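Report on the following structure.
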Amino acid sequence: MAVFEVSRGTSPVILGFPHTGTDVPPAIWERLNDNGRKLADTDWHIHKLYDGLLADATTVRATFHRYVIDANRDPAGASLYPGQNTTGLVPETDFDGLVIWKDGEAPTQADIAARLAEFHAPYHAALAAEIRRVKAPHGFAVLYDCHSIRSHIPFLFEGRLPDFNIGTDMGRTCAPEIEKIAVEVTATAEGYTSILNGRFKGGWTTRHYGQPETGVHAIQMELAQSTHLRSEDLPFAYDAAKAETLRVHLKAILTRIEVFALANKN
């Protein structure tokens, strides 16, 4: 099983997809319980949603499911949101706090170490390589990390999640101009709600790679799945009409970020 897919472009913008994969090796699949086998916490259809929005963007996509190991978590296991409910490097529960492994089959420390080497590390090696490649001719690279989540998950947050959730770790991971572009486009998107650094402030990927002082910028976009799915439950079907309306705004964000990046290349 190839653990990642890369499509190379010439743009200074890279799209990361750490959570759209649904591949689970048979030996791991056998350890998941019926709830875990729903794979409910997938970022359903997000790579399809962004497909073709920025012609020359590079894409890096993990093909393995986040229940195998979460490509957007600190490999050391540190929590992204200390004191808040969240899921770990290899989740023991789903986003509703329900167990996903059969009794006695929860991953051990040895399992986690093996999955770090087999899945997590190769994905990030590929992502880091593309950042270096893209930055070389431009002196500037922007990682736009693409995510989605159900709009109602009481275990993780109260009430309804805004449609656009922009994360920059409180402005630390990218130039203020990049953050401003995302805020302006989403704030003026009719019929949608948005927030900057709310419940989601950017995952490990955004925080790890976003080093503006080195010319590498990162921003996370967490979309409420109600914006592009027919239902936030099985079978998590893609809603083409909803998606096309949403894609207009996503394209505007990416296009403006690319223009800014090209104008500021070294």
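The values are calculated or read from the model by the stated rules, or taken from the named source; none is laboratory data. The structure displayed is predicted, hence computed values, not measured ones. Ideal geometry is used to build each Cβ from the backbone, glycine not excepted, and the neighbour counts take in all protein chains shown. Heavy atoms of the whole protein, side chains included, go into the accessibility calculation; ligands, DNA and RNA do not. Shrake-Rupley method; radii C 1.70, N 1.55, O 1.52, S 1.80 Å.
Worth a mention:
- Separation in nanometres of the label points that stand 7 Å from Cα toward Cβ, at ALA55 and GLU92: 5.1 nm
- For ARG31, neighbours were defined as the other residues whose beta-carbon sits under 11 Å from its Cβ, and their charges (Lys and Arg +1, Asp and Glu -1) total -2.
- Calculated [θ] (222 nm, deg cm²/dmol) that DSSP helices of n ≥ 4 give over the chain, each run adding -39,500 (n - 2.57): -8500 deg cm²/dmol
- GLY202 long-range amide H proximity, modeled H, under 5 Å: ASP169
- Using a Förster distance of 22 Å, the FRET efficiency for LYS251-ARG8 (Cβ separation, nearest 0.05): 0.65
- In percent, rounded to a whole number, the relative contact order of the chain is 23, using alpha-carbon pairs under 8 Å and six or more apart.
- Amide H contacts under 5 Å for LEU143, placed H, 5+ residues apart: ILE14, HIS217, ALA218, ILE219
- Within the chain, longest stretch clear of exposed GluC sites (Glu not before Pro) (DSSP loop, no more than 11 other Cβ within 10 Å): 31-157
- Residues in segment 12-34 that a label on GLU105 would reach, taking backbone N under 20 Å of a point 7 Å out along Cα→Cβ: 22-34
- Relative compactness, segment 6-89, computed as alpha-carbon Rg over 2.2 N^0.38 Å: 1.26
- Placing a pseudo-label 7 Å from each Cα along the Cα-to-Cβ vector at GLN211 and VAL259 gives an inter-label distance of 3.1 nm.
- Three-way shape call for segment 104-152 based on the alpha-carbon gyration tensor, with the a/c threshold at 1.5: oblate
- Cα-based shape type of segment 54-146, given that a ≥ b ≥ c are square roots of the gyration tensor eigenvalues and the cut on a/c is 1.5: prolate
- Tilt relative to the chain, helix 240-263 - C-alpha long axis, 0 to 90 degrees, to 10: 50 degrees
- For LYS201, the lysines whose Cα falls under 21 Å of its own Cα, not counting residues fewer than eight places away in the same chain, are LYS180.
- Share of pairwise Cα separations in segment 29-76, more than 18 Å, in percent: 46 percent
- Net charge of Cβ neighbours under 14 Å - reference TYR67; Lys, Arg +1; Asp, Glu -1: -4
- Between segment 32-71 and segment 202-237, the Cα center-to-center distance that results, in Å: 11 Å
- Between helix 176-187 and the chain: long-axis angle, C-alpha atoms, 0 to 90°, nearest 10: 70 degrees
- Bridging of LYS38 to aspartates and glutamates at a Cα separation below 15 Å is possible for ASP23, GLU30, GLU92, ASP94, ASP96, GLU232, ASP233, once same-chain residues fewer than 8 apart are set aside.
- Accessible surface, 1.4 Å probe, highest first, among residues HIS124, HIS249: HIS249, HIS124
- J(HN,Hα) series, segment 154-169, from Karplus relation 6.51 cos²θ - 1.76 cosθ + 1.60, nearest Hz, glycine and proline x: x, 5, 9, 7, 7, x, 9, 6, x, 5, 10, 10, 8, x, 9, 6
- Of every Cα-Cα pair in segment 58-210, the percent that sits beyond 28 Å: 27 percent
- ALA241-ALA125 FRET efficiency (beta carbon distance; Förster radius 35 Å; 0.05 resolution): 0.35
- Normalised convex hull volume, the chain, alpha-carbon set, Å³ per residue: 118 Å³
- In sequence order, segment 42-52 has phi-based couplings of 5, 7, 4, 6, 5, 5, 5, 4, 8, 4, x Hz under the Karplus curve 6.51 cos²θ - 1.76 cosθ + 1.60, θ = phi - 60°, and Gly or Pro positions carry x.
- Segment 1-54: C-alpha pair distances exceeding 17 Å, %: 50 percent
- Share of carbon and sulfur in the accessible heavy-atom surface of segment 1-51 [1.4 Å probe, %]: 51 percent
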